[in-house]
Amino acid sequence: MASTFSFLFFVTMIFATNCKVTIEDLEPLETGLREYFQTSQTTDEFLETLHSYEFPFLLRDGMEQVYDSATVCYMCSLVVDFVINQRKNAGVSRETILDEATFLCTELKMESERVCKGEMELNIDIFLYTIDNYPNFTSNRVCGGFLQAHNCDTGDAFEWTINIPSGNSPDRPKPSGTDSFTILQLSDIHYDPKYTPNGNAVCGEPICCQPDQGDPSSPENACGYWTDYRLGDSPWYLVEETIRQTKTQQIDYVYYTGDIIAHRIWETSIESNTDAISKLYSFFKDSYNVPVYPIFGNHESHPHNVWPYDNVDDKLSMKWLFELAAKHWSDLIGEDVSETVLKGGYYTVSPRPGFRIIGINSNVAYTDNWWLMYDDFDPYGQLQWLSDTLKKAEDNNESVHILTHVPTGTYYSLKVWNREYSKILERFANTITGHFNGHTHRDEFAVYYNSSNPTQAIGAVFNGASVTPYYLANPSFKYYQVDETTFDLLNYEEWTFNLTLANSYGSLKLPEWYKLYNFVEAYGVNSLLPSEVDKVLYKMVQDHSILDDYFKFKYRNGDPGIKNGCDDSCKKTLLCNIVTTVYGENEQCERFMDLYDQ
């Protein structure tokens, strides 16, 4: 759940400020940057100007809310086109661009010097490959995609459709609830081999509690034993304890909705990622005597977030990861899924008659995926495959569960991919009886609505939250009850423990897990059918205290996450996030805001 940190992004972001700097204000900085890129020399005047734009941690998640979009888009276009011209026409070397990028990142205090250097080194080749191989490459493909949250001009980029069969989704039987089975959803473990109890929890880097970040300044700033709310990931003994606890109830299937690798994003490698991925999958295999259905998180790739197009050079390809997953996933699932996993990290299986599971690699649409600059059209042909697979399921009267990692509707998921994905979900709404995602580390759900009948809920997707507390939340997992005949979701329970309390005991006592809530009981509905989840939203607009509960569940009662409460603005944001499933399409948000204010 961390943003790709690359040369172009940090260069463009330095121009965004809390005080809404105007384009005219940026002329001295623009002039200084032009001279620096041309000469690689730093004058005192340039450094003074540069240091007046210091923005620590500007690239972290959530900071997009304070940026001035007009300035960001203008400077993005200026700088990107300038660098493209230098590379294509003046032959600027990789080393020069890398040195400039690291220098600016460090001087602007975007991150520590080693984080800047590591991230630049990992990502620079993707950008240079695109410049060198994409005909008529312009800034629209960078600014319009990567900076989607700022609505920069995309030109003619990022516009395509796939073929979805005509017709309507046939009506299906409703669940009786008489007989059911249980699915465990785990998500976002983020296993950290370097986690250091009593390490520095206020480290100033994208992940803390590392052995090379110095001593904490006070006992209060020391990392806890089990993990830490402040940018801490999961030590292996937390992984073991979580899996142990999940097995205290009878389960029939396990869904793992992605993210194994820790947030030490400046220092990943194929070797270290392979070790962590293999260790967790092998532990799953040894721990569960039922099938486990995994999908990729955005952190499994190296560098994180990037998913190259099909025919990229071997040096930049993700072949190693697809081959690794094909082996482990087939073993965990109990069926060979290598054909499509090797194509792009997606698959489908039917574990019992009338029931189908589809695992999707939604990370390809993450706007931090720099390969979208080169080729954004339905990466790996996955959406077309999804549509075709759902049509076969419909013809065979199968019910389908879909597993994804990155949710739609967010600023960091490419809008055109969101739109086509949502069209597929609408066309096959009655065939899809379960939808699960991860990535946000929050207990959340979202509701999809019929485009031709905006008050009709046609789908609901449930986030698995996370085992890692990163950040502010308690570790958790979910048990779902599923109808034995229709495979609709009937209910779920979320389990968690209080990290503050667990750390107070340290290694002397296991965490005290407890059931946080039961969806049907907490929200007063009959099931997790879209029509029932839709009722929850109407309850929320009538009784705003229900949104207080939703807010607490979101952080799993994590002490720092909930301590400031959720004011009226916060509640409205929660509600809008639930009903926005394609970024930039705000009709449902506006409809519920009108109801909220009545």
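For the reader, a short list of remarks on this structure follows.
- In loop segments of the range 104-195 as defined by DSSP, the GluC sites (Glu not before Pro) with at most 14 further C-beta atoms inside 10 Å of their C-beta are 159.
- For the range 79-142, the alpha-carbon coordinates run over 35, 22, 17 Å along the three principal axes, in decreasing order.
- Sites residue 43 and residue 132, calculated FRET efficiency, Cβ-Cβ separation with R0 35 Å, nearest 0.05: 0.70
- Qualifying aspartates and glutamates (Cα of each under 20 Å from Cα of residue 327; at least 8 residues distant if same chain): 259, 271, 275, 286, 300, 310, 314, 335, 336, 339
- Extension gain, residue 290-residue 323: 0.36 nm per intervening residue step, less the Cα-Cα distance, totals 9.6 nm.
- Helix 568-579 vs. the chain, principal-axis angle (Cα, 0 to 90°, nearest 10): 70 degrees
- Summing Lys and Arg as +1 and Asp and Glu as -1 over all other residues whose Cβ lies under 13 Å from the Cβ of residue 222 gives a net charge of -2.
- 20 Å reach of a label modelled at residue 237, 7 Å along Cα-to-Cβ, counting backbone N of the range 188-207: 189-201
- Axis of helix 27-39 versus longest Cα principal axis of the chain: the two differ by about 80°, to the nearest ten degrees.
- Other-chain or far-sequence residues with amide H under 5 Å of residue 490's (modelled H): 481, 482, 483, 528
- For the range 253-361, the relative contact order works out to 25 percent when only alpha carbon pairs closer than 8 Å and six or more residues apart are counted.
- What the Cα convex hull of the range 276-350 gives, in volume per residue, is 84 Å³.
- The distance between label points at residue 411 and residue 179 comes to 4.9 nm (points 7 Å beyond Cα on the Cα→Cβ vector).
- The residue list 135, 506, 491 was ranked by how far each Cα lies along the charge dipole of the chain toward its positive end, using unit charges on Cβ atoms, and 491 comes out on top.
- Restricting the range 471-535 to GluC sites (Glu not before Pro) in coil, as DSSP defines it, with at most 13 other Cβ within 10 Å: 512
- Counting only alpha carbon atoms, the long axis of helix 530-542 and the longest principal axis of the chain meet at about 70°.
- Amide H within-cut-off set for residue 199, under 5 Å, with H built and near neighbours excluded: 223
- Given in Å, the Rg to one decimal and the Dmax to the nearest whole number for the Cα atoms of the chain are 23.7, 76.
- Restraint check, 539/563; 194/315; 285/572, Cα-Cα greater than 32 Å: 285/572
- Between the range 277-321 and the range 252-268, the alpha-carbon center distance in angstrom: 9 Å
- Taking the inverse of the mean 1/r over every pair of distinct Cα atoms in the range 530-581 gives a Kirkwood hydrodynamic radius of 11.5 Å.
Each value in this text was obtained by applying a stated rule to the coordinates, not by laboratory testing. Because the structure is predicted, anything quoted here is derived from the model rather than measured. Please note: Cβ atoms are built from the backbone with ideal geometry, for glycine as well, and neighbour counts cover all protein chains shown.
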